[in-house]
Structures are given as structure tokens and as C-alpha cells.
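The values are calculated or read from the model by the stated rules, or taken from the named source; none is laboratory data. All of these numbers come straight from a predicted model, not from anything done at the bench. Here the Cβ positions follow ideal geometry from the backbone for every residue, glycine too, while neighbour counts run over all protein chains shown. SASA here: full protein model, heavy atoms, side chains in, ligands and nucleic acids out. Shrake-Rupley method; radii C 1.70, N 1.55, O 1.52, S 1.80 Å.
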Amino acid sequence: MKVDVVNQTKDEFFMRRAIELAKKGAGDVNPNPMVGAVVVKNGKIIGEGYHERYGTLHAERNALSACTESPDGATMYITLEPCCHYGKTPPCTEAIIESNISRVVVGSRDPNPLVMGKGLKLLREVAIEVTDGFLTEECDALYPVFFHFMKTKTPYVTLKYAMTLDGKIAAATGESQWISCEESRKHAHTLRGHTMAIMVGVGTVIKDNPKLTCRNGKGLSPIRIICDTKLQTPLDSELVVSAFAESKKTRYAGKVKSCSGAESNEQRVPRTIIATSEVNENKIKKYEDMGVTVLYTPTGTDGHIDLHQLMARLGAMKIDSIILEGGGILSWSALNCGIVNKVQCYLAPKILGGKEALTPVGGIGVDSLSEAFMLKDLKIKKIGSDIFIESELK
């Protein structure tokens, strides 16, 4: 079969444009996937769109509504298989069929059980030409979180830390600000804005009193989750006080990045969740009165929060992604119980030394090199004076 090189090149150009459009929805569409769509007629783009915010129209409908002329007979390029079921919006297959689009080029298959090839089948049944699996690798790169969440119903967890060349995250005195350079810190806050939740241990809250917000003005701040087995989070901590201030001021339960979906791009303090094994109702009520959500979670064999059960609970709340910025104990627990999917490290050109200085992963560690946690698909880039390393767990 002879390959049409010219059309193949055109298809690649338009699909890559759809991929760039999809990325614009990062952090605003969770737990939905980022999707981009481009409508092309007679070799030129007549409409394009992306899924802009959870609960709003999908990319295909946005692209069709943006068309500068009739899409009759046009080709649509979509990064993900179009939905064929009613949810918060009508099915996109319905809009495509009604528009008289003649050809659809799709990058990734949707693993949602409500879709899973059904969208493509519907289009083919009405004689729309469908090119499936086009630039799949590049499109799939948009969806590790979505694919994982659809498959497991639990959040995709990224373990993130900054360390020196000798593997320290703080000096022996405990001082840790700042290991990474300013450019790395800005980059880290951008990644926070792309993630639905951020999780730390209570030790980090007591030691650093963090805000865990996006401080670069881009993206919505994530939901804050504290693993606090014995419920020791200070009531005057930034996380609790800000939760109280937000609950008193606006009570915008759906207007921050929350499990009910983002309905506004306003930069608001998200709600705070504490996962605890504490059962004292009077003690718990003090936090709930401050606007904090308290999730009872039993302890595991190590005496700390059972992270598997916590992930199931958070997944049921439609929290699809978590960036883990806790201390070494929580990092070890997360790795050891197998909930970590990706590791991100900012490596700073500094040496601290000191056998008492903290390392990114604490705990008892593995017994031998053969038991080491192995990484794959290593990606490395320079950010300011630092090296950023990103890799998935095997």
C-alpha cells in the first residue's frame, strides 16, 4: 500500500496543533482528561478548541462552535476518542455527526468503560471515515493520570523533592530554604497547578508550616491533604487557618479545584483534608469547625496511615492526581506500599554533608540493591542552575 506522504505530513501538523491545544486545559479539567480538537477544511484550520474547564463543553464542541465556515465535509483531529454518553455535557459524537464532518482523526483510545471504542464505532456506523491511533504515543503522553485513574480509580501519585548533589534535602540543623533555585521553585509551582491535590505528612506541617498553594499566579491551587495519624496538626497552622478563612468568607465548595470540579479560575485557597486514625469526636470537631475535612483512615502495619485505603477514599472523591511533598517518612511509606507512579527531583549544585542531614526518602529502606525501586523513561533537563529529573516507577 502506497503511503500518502503529503497527507501524512498534514495530518501530523494538525494533530500536533490539537495536542498543544489540549495542554491548555492542564489543571483545570481534572478529573476529566485534557483534550484538543482542530477542524480542517480544504487544507486550512476553520475551527479549534480544547476542554477548558471541568463541567463545561468538551474540545470537539468548542472547536465546532469556533468554526469560521460550515464544517460540512471537513476533517476533525482529536487527541482522545470522542465521548458517546451523556454526562455533564451531551456526547461529542452527536455534535460531530450533526455537523456533517466527513473524517475524524483520533490519537488515543478512551479507556473509560462508557466509551472504550464505542465512540469510534458510532462514527463509522454513520459512514464517517475514522483514522484511529494516529500519533498515539504523543497523544498518550497527555494521559498518564487519566489512564491510571480510569484503570485503578485511585489517584496518580508523583513523589517530588529537591536535593543537593550529596542527596540532602536539609542541613543537619534542619534548614532547607532554599535547596533549589528560584527558577526551579517557579517550575514546581506550575506543576502544583497541574495537579489536583498535594499531600504532606504532619511532620512537615509542624516543622515548616507550609501554605501549599500555587504562588506563581498560574493555575488553581491544589487540594491540601495532610497525613496525620494521631491528629496533631496545629489548629493555628497556615493550612487550618486558611481553610477556616475560606469557609467563613465564601464557602465556595465548587469554585476551587475540588473533587466537585473547578467552576472558576479565581485563585482561592482550596479546602484542606486531614487523613487520621483519631476517633475522638471532640478533637475532630475542632478541625471540622475550622472548615477542614477529616477523613478517618485506619493505620497500616507500620502504625501510620494506611495509604492504600486513603488512595481508595480519595479516588472515590474523584481526586485523580496527587503530588507528594512530604518528608522522608511519608516518602518511604508511599514508595514501600507501591502507590508512587512518578518521581520528580530537582538536583541542586550544592553539597551539605553531615550524616544527620535529612535525605528525601527515610524509613528503614530496602535490604539489598536487588530490592531497589527501579525507574524507567528517565527525562532530564536543566532549570536555572538545577537539573530536573523525572521518571516513572517500573
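Sequence gap at least 6, Cα distance under 8 Å: using those rules, report the relative contact order of region 317-394 to the nearest whole percent.
This gives 38 percent for region 317-394.
By average Cβ neighbour count within 10 Å, what is the ranking of 224-230, 176-182 from highest down?
Per-residue Cβ counts within 10 Å, averaged per peptide and sorted highest first, yield 224-230, 176-182.
Show me, for region 223-233, the HN-Hα J-couplings you get by feeding each phi into the Karplus relation (A = 6.51, B = -1.76, C = 1.60, θ = phi - 60°), rounded to Hz, glycine and proline as x.
4, 9, 10, 10, 8, 9, 3, 9, 6, 10, 4
On each of the three principal axes of the Cα atoms of region 279-394, give max minus min coordinate, whole Å, ordered largest first.
Its Cα atoms span 48, 35, 32 Å along the three principal axes.
Under 13 Å from a label point 7 Å along Cα→Cβ of Phe13: give me every residue in region 43-81 with its amide N that close.
43-46
Heavy atoms of the protein only, probe of 1.4 Å, neighbouring chains included. What is the accessible area of Arg124 in Å², nearest 10?
110 Å²
Ranked from highest to lowest mean number of other Cβ atoms within 10 Å per residue, what is the order of the peptides 106-115, 302-311?
Taking the mean over residues of other Cβ atoms within 10 Å, the ranking is 106-115, 302-311.
Give the calculated FRET efficiency between Asp132 and Thr190 to the nearest 0.05, with a Förster radius of 30 Å applied to their Cβ-Cβ distance.
On the way: r = 33 Å, r/R0 = 1.09.
About 0.35, to the nearest 0.05.
What size of dipole, in debye to the nearest 20, comes out for the chain about its Cα centre when the only charges are +1 on Lys and Arg C-beta atoms and -1 on Asp and Glu C-beta atoms?
580 debye
May I ask you to give the average projected area over all directions of the convex hull of the Cα atoms of the chain, in nm² rounded to one decimal?
Average projection, Cα convex hull of the chain: 22.3 nm².
For Met116, tell me the accessible area in Å² from a 1.4 Å probe, rounded to the nearest 10.
120 Å²
By how many nm would the segment from Lys283 to Thr152 lengthen if fully extended, with 0.36 nm per residue of separation less the alpha-carbon distance?
Extra length from Lys283 to Thr152 when fully extended: 43.8 nm.
For the pairs Lys121/Lys342; Lys41/Lys379; Lys211/Lys342; Lys23/Lys376; Lys207/Lys230, flag any whose C-alpha to C-alpha distance is greater than 27 Å.
Working: Lys121/Lys342 34 Å; Lys41/Lys379 37 Å; Lys211/Lys342 23 Å; Lys23/Lys376 23 Å; Lys207/Lys230 16 Å.
Violating the 27 Å Cα-Cα cut-off are Lys121/Lys342; Lys41/Lys379.
Could you list which residues have their amide H under 5 Å from that of Leu295, counting only those 5 or more apart in sequence or on another chain, with H placed in the peptide plane?
Excluding prolines and chain starts, which carry no amide H, the hits are Ile274, Ala275, Thr276.
Over the heavy atoms of Lys118, what accessible area does a 1.4 Å probe trace out, to the nearest 10 Å²?
Spelled out: Lys118, probe radius 1.4 Å, area about 100 Å².
Over the chain, what is the relative contact order in whole percent, taking alpha-carbon pairs under 8 Å and six or more residues apart?
Relative contact order, the chain: 16 percent.
Assigning unit charges at the beta carbon (Lys, Arg +1; Asp, Glu -1) and nothing else, what dipole magnitude in debye, to the nearest 20, does region 115-195 show about its Cα centre? Before the final figure, lay out the partial values.
Working: 10 positive and 10 negative charges, 86 e Å.
Approximately 420 debye in magnitude.
Helix-derived [θ] at 222 nm for the chain: sum -39500 (n - 2.57) over DSSP H runs of at least 4, divide by residue count, nearest 500?
Taking each H run of at least 4 residues, the total per residue is -8000 deg cm²/dmol.
Aspartates and glutamates within cross-link reach of Lys44: Cα-Cα under 15 Å, excluding same-chain residues under 8 positions apart?
Of all the aspartates and glutamates, those that pass the test against Lys44 - Cα under 15 Å, at least 8 places apart if same chain - are Asp11, Glu12, Glu69, Asp72.
Ignoring solvent entirely, what values of log10 I(q)/I(0) come out of the Debye formula for region 154-233 at 0.12, 0.14, 0.27 Å⁻¹ when each Cα is a single scatterer?
Those come out to -0.39, -0.54, -1.40, one per q.
Cα-based Rg (one decimal) and Dmax (whole number) for region 18-147, in Å?
Rg and Dmax of region 18-147, Cα atoms, are 13.0, 36 Å.
Hey, could you get me the Stokes-Einstein D for region 126-173, Kirkwood radius over alpha-carbon pairs, 4 °C and 1.567 mPa s, rounded to whole µm² s⁻¹?
Estimated via Stokes-Einstein, D reaches 86 µm²/s.
Could you please state, rounded to a whole Å, how far the C-alpha centre of region 353-393 is from the C-alpha centre of region 70-141?
40 Å
Can you list the DSSP H helices in the chain whose Cα atoms extend at least 18 Å along the helix axis and whose mean Kyte-Doolittle hydropathy is -1.0 or higher?
Those that pass (Cα extent of 18 Å or more, hydropathy at least -1.0) are 5-23.
What FRET efficiency would be calculated for the residue pair Lys230, Ala141, taking the C-beta separation as r and a Förster radius of 35 Å, to the nearest 0.05?
Computed FRET efficiency for Lys230 and Ala141 comes out at 0.30.
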